[in-house]
Amino acid sequence: MKNLTRRDFNGLMIKGAGSAALMSVTSFACAMGADQDKKKLGIALVGLGSYSTYQLAPALQDTQHCYLAGIVTGTPEKEKIWADKYGIPKANIYNYQNFDEIAKNDAIDVVYVVLPNSMHAEFCIRAAKAGKHVICEKPMAVSVEECDAIINACKAAGVKLGMGYRLHSEPYTQQVKQFVKEKTFGDIKFVSAEAAYRSTGNPDQWRLNRKLSGGGALMNMGVYAVQSTIYGTGENPISVSAQEFSTRPEYFKDTDETILAQFEFPSGAVANISTSHNFNANSMYVSGTNGWFQLQPANNYGPLSGKTSNGDIIKFPHESQQKLQMDDFAKHVLMGEPNKAPGEMGKRDMMIVEAIYASIAKGGQKINLDLAPGFGFGGD
Ligand code: NAD
């Protein structure tokens with residue numbers, strides 16, 4: 001049994017290094033603006049809930065190309081706590097009302113929106129209008145229409161837009177993409193992906209309130225399983241059929257509890273996903289004509305873990321996924337490196353989410369998806 005390590009991974013990656021370097025130089029030459037003169041970008045986190053508090057702010061203490069420069073909060077008590085803990089000057093602290101003033105603050109280069117899903121569009125658009133680059137948490141918004149509005153606002157303002165899809169910056173997911181691209185296990189025929197956890201907390205939390213969340217398990221966790229099928233096949237799906245199951249309607253009054261969905265891909269590959277707020281599941285299995293590989297866990301904060309039909313263990317040193325993700329976005333802004341999770345990726349996933357809900361509404365009928373090949377794919 002062989003361990004696939006970072007060294008093997010780099011070895012494989014080196015094959016593409018010449019063209020990657022060329023691309024990077026070309027886009028760097030095209031890149032405009034003062035951002036390139038900065039060594040580190042200042043990030044302002046909007047919404048200081050659990051993800052900002054326990055993942056993003058700590059990760060920003062270790063990032064090389066960006067740092068925690070500011071905060072935007074609707075809770076005045078948090079201002080002093082965060083200012084003291086992270087040395088944030090008063091001038092870089094905003095609330096939801098005076099947020100637009102951030103346009104005048106050169107210390108803030110990037111606004112990272114970490115609010116309940118229904119608030120993403122408003123704050124991403126306000127950030128773009130203030131001339132700031134934007135990172136939007138997943139799911140991008142509560143409708144495709146809102147995703148378009150965010151993308152258009154960023155284009156109109158000439159700012160960069162990235163999604164908080166941390167897995168695209170971590171090595172296990174990159175290894176999956178590489179297996180698929182290089183056909184290490186032949187032509188991919190089947191993917192199974194699960195992303196779920198059992199929710200038993202406060203029934204009034206925003207994730208269970210459709211107005212704030214846009215939907216339940218599918219919006220929260222299902223997007224990871226959908227993504228697994230896409231990087232597990234290397235293709236966008238052409239159709240989906242889906243079913244919803246409910247066993248605790250008294251708790252999940254307003255949002256979906258469990259959804260299963262089946263996808264078809266242009267190559268003929270098929271995929272099955274499950275997502276739920278009623279059970280725990282976290283894996284992806286990919287079967288090709290010459291073998292299989294799997295990650296389990298596949299989508300938590302890591303360390304992830306994987307193995308292949310060759311008897312190899314997939315193993316990389318653990319690093320904060322959020323640190324890698326925010327540094328990748330900063331390198332995209334500063335050095336013209338590829339955007340690993342562009343806004344179009346968030347929009348594509350929302351198109352798939354809407355098709356899944358449409359299929360359920362039509363009793364599981366197959367819904368065709370009209371996604372251009374490669375639409376929403378990030379750069380490697
Ligand atoms: P949370 O409930 O812990 O925090 C939400 C924050 O929004 C709080 O600071 C709260 O005060 C603020 N808020 C403002 N208006 C609100 C309202 N009307 N109702 C509720 N809260 C309100 O949530 P979280 O776990 O930090 O999630 C925030 C976003 O980050 C969501 O979009 C979520 O999907 C995303 N997220 C992503 C990951 C990831 O791995 N990429 C992980 C967790 C959360």
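Ala358 meets all of the listed conditions (1) away from the ligand (no atom under 15 Å from the Cβ); (2) crowded, with 17+ Cβ neighbours inside 10 Å; (3) outside any loop (DSSP other than H, G, I, E, B) but one, namely (2). On inspection, Asp370 passes the criterion of being out of contact with any Phe, Trp or Tyr (no Cβ under 8 Å at 6 or more places or on another chain), acidic (Asp, Glu) and open to solvent by 30 Å² or more (accessible area, probe 1.4 Å).
Comparison of Lys155, Lys132, Lys181 shows that the only residue that is surrounded by fewer than 24 Cβ atoms within 10 Å (Cβ to Cβ) and touching a residue at least 12 places away in the same chain (Cβ under 8 Å) is Lys181. Is one or more of the residues making up segment 209-217 surrounded by fewer than 24 Cβ atoms within 10 Å (Cβ to Cβ), over 30 Å from Asp370 (Cβ atoms) and not aliphatic (A, V, I, L, M)? Yes: one or more hits. Here Cys147 fits the description: on the phi < 0 side of the Ramachandran plot, within 16 Å of the ligand (Cβ to nearest atom), open to solvent by less than 10 Å² (accessible area, probe 1.4 Å) and not in a strand (DSSP E or B). For segment 309-323, the tally of residues that are buried (at least 20 other Cβ atoms within 10 Å of the Cβ) and not in a loop (DSSP other than H, G, I, E, B) stands at 4.
Sort out which residues of segment 84-127 are over 29 Å from Gly214 (Cα atoms), within 16 Å of the ligand (Cβ to nearest atom) and not in a loop (DSSP other than H, G, I, E, B), and write them in order of number. Result: Lys85, Tyr86.
The values are calculated or read from the model by the stated rules, or taken from the named source; none is laboratory data. Worth saying up front: this structure is predicted, and the values here are computed from it rather than measured. Positions of Cβ are backbone-derived with ideal geometry, glycine not excepted, and every protein chain shown enters the neighbour counts. Note: areas computed on protein heavy atoms with side chains; ligands, DNA, RNA excluded. Shrake-Rupley method; radii C 1.70, N 1.55, O 1.52, S 1.80 Å.
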